[in-house]
DNA sequence: CTTGTTGCAAATATTTTGCACCCAT
DNA sequence: ATGGGTGCAAAATATTTGCAACAAG
């Protein structure tokens, strides 16, 4: 479906900033983007947009269910397309690469852990920090870390 | 052991701000404190201390292994005593209460997940968001949320 | 037309840093 | 006495908000 119609179906006016931001995430080039990344990426390609608008649109998209916000330990929030399927993240502490993974068993144990304490689970954040083995990772193969 | 000696053993001068902050965490009244909480708590009890110093001391204590930093999804970092034993957190989304828990099985599955992808695990963050059933929780028993 | 949206600048919130003075060792 | 530690104020960083101009429906 074209981006224009996706927005209209959600009751959002199809404005230029919204279209460009949605297309950026749907292009799939970079799945995890912070507000600043979105702003820079669009500005570079000649799209004139305000940083405040980026923040506003990202928040709207999150509420509309198009995007999901993630808070990794680096101080800035990143957004990714909400595929509907839940997944957690593995983050390389050396190069910042993000990998996604799903683990039914972990999910099940989390639910059990909350229920055992009479809580009702509402959501969760699981981020594994690790060293990756990508060829361009600055500390690849460095067993010392 | 008295706080003064704990600090000296770590090569830290036993200054007033450091002692007061260490004692606050060791009093155990509140396990999870943000910089602002520490500042307010000490100021109220008549301890004259600068907020910048609180931030500096918390960072030093973290590096020294006395404290551990946690980033929940509320934008501010909280610190807790580093007991040596790893644990994860359950956070009530209604009243902010924090509960700690350990789950060997989840830990084991996390390690397996990263190893399966040829990463080397360095650390992780797991925070379960839930509704608690404490008598003073503002939305206790509210099944709608 | 009308209401929601945008860009800009100013405001917030959290944390860090420069610097002159102070104090634990 | 001296080098690290502190308080204050200013800077840095991330995000939000007020407001007048603007544009989608």
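What is the pair-distance distribution P(r) of the range B:93-145, computed from all Cα-Cα distances in 5 Å bins starting at 0, with each bin given as a whole percent?
4, 16, 20, 15, 11, 11, 11, 8, 4, 0
Given the -39500 (n - 2.57) contribution per DSSP H run of 4+ residues, what per-residue ellipticity at 222 nm results for chain A, rounded to the nearest 500 deg cm²/dmol?
-12000 deg cm²/dmol
How many times 2.2 N^0.38 Å is the alpha carbon radius of gyration of the range B:40-83?
That works out to 1.25 for the range B:40-83.
Would you mind calculating the relative contact order of the range A:68-119 from Cα pairs under 8 angstrom and at least 6 residues apart, reporting the percent as a whole number?
Over the range A:68-119, the number comes to 20 percent.
Can you work out the base-10 log of I(q)/I(0) for the range A:64-132 at q = 0.13, 0.15, 0.26 1/Å, using the Debye formula on its C-alpha atoms alone?
-0.45, -0.59, -1.24
Kirkwood hydrodynamic radius (Cα pairs, Å) of the range A:81-120?
Roughly 12.2 Å, rounded to one decimal.
Give the nm distances, rounded to one decimal, from residue B:84 to the matching residue in every other copy, measuring between label points 7 Å along Cα toward the beta carbon; shortest first.
Result, one decimal in nm: 5.0.
So what are the three principal axis dimensions of chain A from its Cα atoms, in whole Å, longest to shortest?
Answer, in whole Å and largest first: 45, 44, 27 Å.
Quote the convex hull volume per residue of the range A:1-76, based on C-alpha atoms, as a whole number of Å³.
Value for the range A:1-76: 93 Å³ per residue.
Test of understanding: ordering B:44, B:106, A:49, A:21 by Cβ neighbours within 10 Å, fewest first, what list do you get?
Numbers: B:44 8, B:106 23, A:49 16, A:21 29.
Going from least to most buried by this count: B:44, A:49, B:106, A:21.
Per-residue mean of other chain beta-carbon atoms within 10 angstrom of the beta-carbon, peptide B:97-105? Show your work: numbers first, answer last.
On the way: counts 1, 0, 4, 0, 5, 1, 6, 1, 6.
So the per-residue partner count for this stretch is 3.
In cubic angstrom, how much convex hull volume per residue do the alpha carbon atoms of the protein assembly as shown span?
Taking the convex hull of the Cα positions in the protein assembly as shown, it is 192 Å³ per residue.
Determine the distance separating the Cα centre of the range B:28-44 from the Cα centre of the range A:33-53; give it in Å without decimals.
If we compute the Cα centre of each part, the gap is 38 Å.
Once the Cβ-Cβ distance between residue A:48 and residue A:14 is put in as r, and R0 is 25 Å, what FRET efficiency do you end up with, to the nearest 0.05?
0.90
Mean separation of Cα pairs under 8 Å and 6+ residues apart, divided by the residue count of chain A: what relative contact order is that in percent?
16
Bear in mind that the values in this text are calculations on the coordinates, not laboratory data. Every value quoted in this text rests on a predicted model; they were computed, and no experiment measured them. Because the Cβ atoms are built from the backbone with ideal geometry, glycine has one as well, and the counts that use them run over all protein chains shown.
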